[in-house]
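Colleague: Could you have a look at this structure, given as structure tokens, before my questions?
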Amino acid sequence: MLNLTDIQPQKNEVYLDNNATTPVLPQAAEAAIHTMNLCYGNPSSSHMTGIRAKYILDSTRTLARQVTGATDGKIIFTSGATEGIQTSIISALNAARETAHNITKPVLLYGATEHKAVPETLKHWNKMLNIGAEVVAIPVDENGILDFDFIAANVPNALMICTMIANNETGVFQDLAGLETVIRANNSDVLWMVDCVQGLGKIPLALSNTTIDYAPFSGHKLYGPKGIGFLYVRETAPYTPIIAGGGQEGGLRSGTENLPGIASLNAIFKLLADENDDTFKSHQVLVAYRAQLAETLAEVFPTIVYNHDFNYSLPTTLNFSVEGLSSKDIMNLFDAARIRVSAGSACSSKVTGSFVLDAMGKSTWQSEGAIRMSFGPASTQEEIDQACSAIKNAVAAMRHSCLILSDADETFDSKANGLQQWIYDQQCTWCYIDQDAKEIVLIDPVPELVAKFDTLVSCQNYSIKAILATHKHDEQADTPAILRELLGEKVPAGDFDQLGWNNATTTQVTLANDSVASAISIGEKVLVKVALPGHTNNSVAYLLGTAVAGKLAADDIDYVFSGDTIQIGGIGRSDFDVSDSTALYSSIKELSAVINEDTLICPAHDYKQLFTTTLALESANTPLLSKVIKDAIDSTVFVDEKAAIDKEITASDEPTYCGSIKESIDPSIDVTPEQLTSFLIENDNVMVLDVREPHEFEAYSDVNIAEQQLVNVPLTQLTDFVHTFHEQKQHSAFVCICRSGSRSDAAAKTLKRMGFENVYHVPGGFALYS
Ligand code: PLP
């Protein structure tokens, strides 16, 4: 295990994720350490050590009142805002148990863009306390501003209303005075919680001049450590302790107080309250910082779109999207370039948007591609300058990877060559580039990836040889045609069939079973179309390989693009209206007659991040496939057995899955970050595969691994690697590494599955290996 002191930030890290958590101010850290070392007493003890500790507790409470304008009411120290939110909601709902019966249809209102802690807590305690209210989201407009008319109409029936001072994803703030007017005009008694987490230090507060009943705060959003926060409760608001015990905090919250955390708040509050101290910057300074960052971003991403209006937002948050770039692309690049930001959506293979941006009615690409960049109220000019120069440097790597185009008229060779897998929502688009011929083919395109493809083509002046689908269900859009339309003149004219095959440019090749098939050339290779009806009546596979004297032997096929006919996990479904299981039986036979059992199959979906497969692997996973290939059953039995499998898939939790993996995937073998250096010294012939994308590799390549040992094998090009290096399966050891250990784990599992014998991965990746 690594020693804690070995876990260090990278040099020159640029931290722009302050809405998630802030760094701890040195003064706050010192206050906590001082308290731990010297003022470690229990504030409840009556001896002098205890009295000193109590002084810290009480004086911090006084300072909390000062910085929040809470001249009366309660200030209770908590573990953070989530606890403050629980306490507020439980207090309100507990009180509502008596009043709920006066309202015929009670509701609990919350802003649609509220932090998840709020709606989840409302739902949880509404159920646990048997309140029976309806939990209702208050809609917001395109600027994220709460709908006052909706509040006016619904608040009369509300037991509680929860709003926020400023949003954590967008920085959008609410007009508290306006809200108060509309709430109180329509329900003078409703309990009102305002989540103030993102406001303190950025918006002046005068809580006691308002009718806000509860206001939770969090220390780690304002330069304090994690695990400390506080809650303001209005004098007249009901209160229920959620932690009973020794009676600390005047019986309002038991448990010995987190004195080091409280001491750090003490230091922060003093700085906030001190008008002569410039640790916390003025609004104007923060606005200037934002302008500087926005100017840099506009320079590097000319098509940037902000997902919020700066006029309605705190200056410290910039939430943006760039069409054609996924949030994952930008996040990974920035992280490699030592710039920490956060993605609006999670970086999983399943595309998810941001519920905040969805509530604001932003388009899907904006919501799915959102990046949040947040600095803090104590950020410095130096940090912002450093951030801007790091952003400029990082983006050069993105240009070289053709993810964005340069304004300058530069020509360069991106070095992209071979096969790439682009995943969107578990659908695979396969892109094949012949670097020498500058030709490109796209198979099973997803419309959401068109901008990425367009940029790539323009960046390298590729000539588009084909944009193809492997099949089309009746209800599906004609994606190749849509792309041809969007790409305009970049696609040569032709005579296209419904899957995008250009009949005007074909030649013919003979396959291993002596059948003759239609082919197009790409560089020195051919792409051959083979009809495989069954999953749908128009399903085909495309074979990419090297034809010799008009013949494409099974051994010379590099890849098979199998669509949904052969999946990772078995045979594709054949229970649609346009399916035909008898035809599928023949199609499988046809395919197995023209390829080898080890030919790499590239399907149209990748549900488990396994990239590629073979007939041999699939036969082991699905005995039915094996029986067809070995001629062990006839088509009638196949049809019955296939129907039973399809029924099972439809009944499963994930009925859309066209393949269900039954095989157990071997876990990858770890080389831990602390073992890696000695592993590389002690073992000969080790190849370290950095499976990050080329732009990340370029942005952060000063890793501590000998150049001759380190190869960039982007995860999107892993199938190409499996093909190119298949002869080294037994010889070398391969250590996969990435940013965090997630992609390297996927790569190692796939390589193992594809027969590479000595494969390892580094859990924690470059984040822990330095
Ligand atoms: N509310 C908002 C607006 C937040 O941003 C957060 C943290 O992300 C929370 C509540 C929860 O705060 P804590 O981490 O202190 O529990």
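FYI, it's all coordinate maths here, none of it is from the lab. From a predicted model like this one, the values you see are computed outputs, not experimental measurements. Virtual Cβ from ideal backbone geometry, glycine too; neighbours counted across all protein chains shown.
Colleague: What ranking do M398, M164, M193 get, fewest neighbouring Cβ atoms within 10 angstrom at the top?
Modeller: With the fewest neighbours first, M398, M164, M193 line up as M164, M398, M193.
Colleague: Sort 539-549, 233-243 by the packing proxy (mean of other Cβ within 10 Å over each peptide's residues), most packed first.
Modeller: Final packing ranking: 539-549, 233-243.
Colleague: Applying a 10 Å radius around every beta-carbon, put 594-606, 689-701, 632-644 in order of their mean neighbour count, most first.
Modeller: The most tightly packed comes first, giving 689-701, 594-606, 632-644.
Colleague: Shape of the chain from its Cα gyration tensor (a ≥ b ≥ c, root eigenvalues): rounded if a/c is under 1.5, otherwise prolate when a/b > b/c, or oblate?
Modeller: prolate
Colleague: Follow-up question, since we're still on this one. For the stretch 454-494 and the stretch 125-167, compute the distance between their C-alpha centroids and round to whole Å.
Modeller: 46 Å
Colleague: Report the FRET efficiency, 1/(1 + (r/R0)^6), for D634 and A553, where r is their Cβ-Cβ distance and R0 is 41 Å, rounded to 0.05.
Modeller: Approximately 0.90, to the nearest 0.05.
Colleague: Please give me the summed charge of the neighbours of E235: other residues whose Cβ is under 14 Å from its Cβ, Lys and Arg +1, Asp and Glu -1.
Modeller: Residues close to E235 contribute a combined charge of +1.
Colleague: Now, a different point. Check cross-link reach from K472 to the lysines: straight Cα distance under 20 Å, and skip same-chain residues fewer than eight apart.
Modeller: Those lysines meeting the cut-off are K529.
Colleague: Enter the Cα centre distance for the pair the stretch 696-717 and the stretch 182-259, rounded to the nearest angstrom.
Modeller: Taking the Cα centre of the stretch 182-259 as reference, the centre of the stretch 696-717 is 48 Å away.
Colleague: Magnitude of the Cβ-charge dipole of the chain, K/R +1 and D/E -1, about the Cα centre, nearest 20 debye?
Modeller: Around 2160 debye, computed over the chain.
Colleague: Let me ask something additional. How far is it, in nm, from the label point at E98 to the one at T650 when both lie 7 Å from their Cα along the line to the Cβ?
Modeller: 5.7 nm
Colleague: Here's a follow-up. Rounded to whole Hz and in sequence order, give me ³J(HN,Hα) for the stretch 25-31 from the Karplus expression 6.51 cos²θ - 1.76 cosθ + 1.60, θ = phi - 60°, writing x for Gly and Pro.
Modeller: 3J(HN,Hα) across the stretch 25-31, in whole Hz: 5, x, 5, 6, 5, 4, 4.
Colleague: Arrange the peptides 219-225, 422-428 so that the one whose residues have, on average, the most other Cβ atoms within 10 Å appears first.
Modeller: So the peptides 219-225, 422-428, ranked by packing, come out 219-225, 422-428.
Colleague: Within a 10 angstrom radius of the beta carbon, how do F375, F148 rank from fewest other beta carbons to most?
Modeller: Fewest to most other Cβ atoms nearby, the residues stand as F148, F375.
Colleague: Name the trypsin sites (Lys or Arg not before Pro) in the stretch 471-572 that are in a loop by DSSP and that have at most 16 other C-beta atoms within 10 Å, would you?
Modeller: Of the trypsin sites (Lys or Arg not before Pro), not one in the loops of the stretch 471-572 has a Cβ with at most 16 other Cβ atoms within 10 Å.
Colleague: Can you compute the FRET efficiency between S678 and K116 using 1/(1 + (r/R0)^6), with r the Cβ-Cβ distance and R0 = 45 Å? Round to the nearest 0.05.
Modeller: With a Förster radius of 45 Å, E is 0.55.
Colleague: Right, here's the next one. For the stretch 590-601, just list the computed ³J(HN,Hα) in residue order, Karplus coefficients 6.51, -1.76 and 1.60, θ = phi - 60°, integers in Hz, with x standing in for Gly and Pro.
Modeller: 4, 4, 5, 7, 10, 10, 8, 6, 9, 4, 6, 9
Colleague: Also: In the structure shown, do any of K74/K226; K202/K392; K202/K328; K608/K729 have a Cα-Cα gap over 25 Å, and if so which?
Modeller: From the list (K74/K226; K202/K392; K202/K328; K608/K729), the Cα-Cα distance tops 25 Å for K202/K392; K202/K328.
Colleague: Here is a further query. In terms of modelled amide H atoms, which long-range or inter-chain residues lie less than 5 Å from the amide H of G41?
Modeller: Answer set, sorted by chain and number: A53.
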